[in-house]
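Scroll down for the structure; my scribbles are underneath it.
The values are calculated or read from the model by the stated rules, or taken from the named source; none is laboratory data. All of these numbers come straight from a predicted model, not from anything done at the bench. A quick note on method: Cβ atoms are made from the backbone with ideal geometry, for glycine too, and the neighbour counts reach across all protein chains shown. Heavy atoms of the whole protein, side chains included, go into the accessibility calculation; ligands, DNA and RNA do not. Shrake-Rupley method; radii C 1.70, N 1.55, O 1.52, S 1.80 Å.
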Amino acid sequence: MVREIVIWPDPVLQQIARPVDRVDDDLRRLLDDMAETMYAADGVGLAAPQVGESRRVIVIDVSPRQPEQRLIHLVNPEIVRLEGKMSYTEGCLSIPGEAEEVERAAKVVVRALDYHGRPFELAASEDLLAVAIQHEFDHLQGTMFVDHLSSLKRDLIKRRMKKLKVERAEERADEVRRAPRHETAL
């Protein structure tokens, strides 16, 4: 099921996400929904807070740009090593239409549970996967990519996102008003 993506600034995006107690069918349903939502939005990564769930869960699929990759599920991820530096132009599904250069570690090692609750470790170096892991992990910490920018850039983007949220709310209200009404005689 495709879920609605939360637009920044929103409180759920500014909170530290809660750890997952166990990987069960409910969590796998969330992971499936997140992957479906990410693909529908043409993204390469999505963290649970972006769909309104304050849980330490991430999905990443950079295969459109790195064909050797596949869909990755990260449950309760922990970054265990960061090395070097690189810059990358990042965007975010929760900040649509915006992209800015962000400095990240060039190499990252993350430890997590997979879709079935099995522990694994993943390393990425100087590529989109390395950036995506750090970007999505930031979401679990209540950090957005704009938090890595100057306050001036961040404030300009925040104003545009607040305007977008108002426009979307007005569109939804218009849709409700246009929906056919069903009257029931009692």
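Residues that are at positive phi: which strands (runs of 3 or more DSSP E) entirely in the stretch 71-186 hold 1 or more of them? Walk me through it before giving the result.
Working: elements: 72-83, 86-92, 95-104, 107-113, 119-125.
Those strands (runs of 3 or more DSSP E) span 72-83, 95-104.
Would you check if there is a residue in the stretch 16-23 being open to solvent by less than 50 Å² (accessible area, probe 1.4 Å) and under 24 Å from E90 (Cα atoms)? Within the stretch 16-23 (the criterion being open to solvent by less than 50 Å² (accessible area, probe 1.4 Å) and under 24 Å from E90 (Cα atoms)), the answer is yes, since at least one residue qualifies.
Give the number of residues within the stretch 48-69 that are under 20 Å from H116 (Cβ atoms) and modelled with pLDDT of 95 or more.
Start the filter on the stretch 48-69 by keeping residues that are under 20 Å from H116 (Cβ atoms), which leaves 48, 53, 55-61, 69.
Then keep just the ones that are modelled with pLDDT of 95 or more; that gives 48, 53, 55-61.
Qualifying residue count, the stretch 48-69: 9.
Could you check how many residues of the stretch 30-57 are under 18 Å from D127 (Cα atoms) and either β-branched (V, I, T) or touching a strand residue (DSSP E or B) at 6+ places or on another chain (Cβ under 8 Å) (or both)? Going through the stretch 30-57 one residue at a time, the tally reaches 3.
Residues that are under 27 Å from V20 (Cβ atoms), of a type in the set (A, V, I, L, M) and touching a residue at least 24 places away in the same chain (Cβ under 8 Å) occur at least once in the stretch 112-121.
Among the residues of the stretch 52-91, those that are among the acidic types (D, E) and either under 17 Å from the mean Cα position of the chain (by Cα) or buried (at least 20 other Cβ atoms within 10 Å of the Cβ) (or both) comprise E53, D61, E78, E90.
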